[in-house]
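Below is one structure, written out as structure tokens, with a few remarks after it.
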Amino acid sequence: MRFDTRLVHVGQEPAAGTGDVVPPLHLASTYERDAQDPPRWFYARGENPTRESLERVLASLEDVRFASVFSSGQAAGATALAVLARRLVIVADDVYGGTHSLMATLRDRDVAVRYVDLADPEVVDRVFADGAAEGALVWVETPTNPLLKVVDLAHVSRRAHEAGAVVLVDNTLAGPVLQRPLRFGADVTLYSTTKSIAGHLDVLGGALVHDREDLHEAFTAHRTAVGSVPGPFDCFLVHRGLKTLSLRTERQVATTGRLVAELSAAPAVAEVRYPGLPTHPGHAVAARQMTGFGSLVSFRYRGEVTALLRRLRLFANAVSLGGVRSLAGCPAATTHRPVPPPVRARLGITDDLVRVSVGIEDPEDLLDDLRRALGAS
Ligand SMILES: *Cc1c(COP(=O)(O)O)cnc(C)c1O
């Protein structure tokens, strides 16, 4: 079965008895053991059929055996840190704002956190050269958020493995249609399924995807212990959204290309950051490891950002990304508030930076809205 067929079929086998083409929702919190031979289902914090259907399709998308889903992307990240963060975590310096908050929880665990520019191959070579990374967890995001820097997944994975480190890639931005990190040597893919996978801005979820039995046991044991499982209805919503992921992604990427061209030509825009632009420093690497350049674009606006966001009618001024509805926002004021101001300034997450997540609306309407809002400055 090819990728797009798996999106629709895996974990959606017709139910025994009735033939429902969408499996029924399993809502029970506990199971009658005598009804099973041998006992397979015990208690829903540990096992639930609706959840496992979603896990099966997510694992199949990267051609691996294991996926564990969580109540949110952050919950998935917390389990990954609990299991994999030993002495040192090396984090890409431009990451999701919430990842900074997640790393801050390591303060009282005697784990050092080092933010480095993994988009710079020379920095990567240096970081893994001296043996200090032995046993470290490397936390990668690419393209990065919100500056859309590109990390060479094959290069980082190779260097990290030579140094005895484990590589986790937060693949939320690109999503599994455009980029499959495990193919480039990463050990674990993390998703906030809240974003493009569910896609409809109406549910929270997270996932860890990989091919290691030892990690599967550790991740699920931790999740069961702390209870960060998603409810069955949330799993159903994520799974339903996933079925149209390829179609949505295709439209979103095509529309983003047009918006990028519009932004690049607008006098009110000082800089456009998008890996699809040939002038983007990570363009060649992105072209190698992605099948499309994504639906997120950032730009620097010469005018008053708050006024611009207010003038946009179709782009809601809201955080999140990858959904059916277009969103625009100012990361410095929202998602990246947890990042200390000097770090924000050094990275370039400044008050004039606007991040746009492109939805599935008619591209002409989005272009009209953007043109009108930019022209009025
Ligand atoms: C949203 C997001 C998260 C966190 O996911 P939640 O589902 O909101 O907990 C992690 N990483 C990235 C890149 C995100 O965009």
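Test of understanding: among V253, V238, which residue is more than 29 Å from L25 (Cα to Cα), open to solvent by less than 60 Å² (accessible area, probe 1.4 Å), part of a helix (DSSP H, G or I) and of a type in the set (A, V, I, L, M)?
Testing whether each residue is more than 29 Å from L25 (Cα to Cα), open to solvent by less than 60 Å² (accessible area, probe 1.4 Å), part of a helix (DSSP H, G or I) and of a type in the set (A, V, I, L, M) leaves just V253.
What are the residues in the range 128-166 that are within 16 Å of the ligand (Cβ to nearest atom) and of a type in the set (A, V, I, L, M), if any?
L137, V138, V140, L147, L148, V150, V151, L153, listed by residue number.
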Check your understanding: Which of the residues belonging to the range 323-371 are open to solvent by less than 50 Å² (accessible area, probe 1.4 Å), of a type in the set (K, R) and modelled with pLDDT under 95?
Key -> R344
Practice item. Could you tell me whether the range 22-33 includes any residue that is under 24 Å from L201 (Cβ atoms), among the hydroxyl-bearing types (S, T, Y), modelled with pLDDT of 95 or more and assigned by TED's automatic domain parsing to the domain that holds A112? Key: no
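Restricting to the range 168-216, and then to whatever is of a type in the set (D, E) and either part of a loop (DSSP other than H, G, I, E, B) or not assigned by TED's automatic domain parsing to the domain that holds I90 (or both), can you tell me which residue is nearest to the ligand (Cβ to nearest atom)?
D202
Would you please name the residue that is most open to solvent (accessible area, probe 1.4 Å), looking only at residues in the range 129-149 that are part of a loop (DSSP other than H, G, I, E, B) and of a type in the set (A, V, I, L, M, F, W, C)? Write out each step before concluding.
Kept after step one, since they are part of a loop (DSSP other than H, G, I, E, B), are these residues of the range 129-149: 129-136, 142-149.
Filter once more, keeping what is of a type in the set (A, V, I, L, M, F, W, C): 129, 132-133, 136, 147-148.
Details: A129: 79, A132: 41, A133: 2, A136: 1, L147: 2, L148: 3 Å².
Across the range 129-149, the extreme among qualifying residues is A129.
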Review point. Which condition does H161 not pass, out of (1) farther than 30 Å from G323 by Cβ; (2) open to solvent by less than 30 Å² (accessible area, probe 1.4 Å); (3) at pLDDT 95 or above, if it passes all the others?
Key: (2)
Exercise for review: Given the conditions (1) part of a strand (DSSP E or B); (2) surrounded by 19 or more Cβ atoms within 10 Å (Cβ to Cβ), report the number of the one that E271 does not fulfil.
Suggested key: (2)
Review point. Take the residues of the range 1-40 that are assigned to a loop (DSSP other than H, G, I, E, B) and of a type in the set (S, T, Y): which is farthest from L247 (Cα to Cα)?
Key: Y31
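The values are calculated or read from the model by the stated rules, or taken from the named source; none is laboratory data. Everything quoted here is computed from the prediction, not taken from an experiment. All Cβ positions, glycine included, derive from the backbone under ideal geometry; neighbour counts span all protein chains shown. Note: accessible area is taken over every heavy atom of the protein model, side chains too, but ligands, DNA and RNA are not part of it. Shrake-Rupley method; radii C 1.70, N 1.55, O 1.52, S 1.80 Å.
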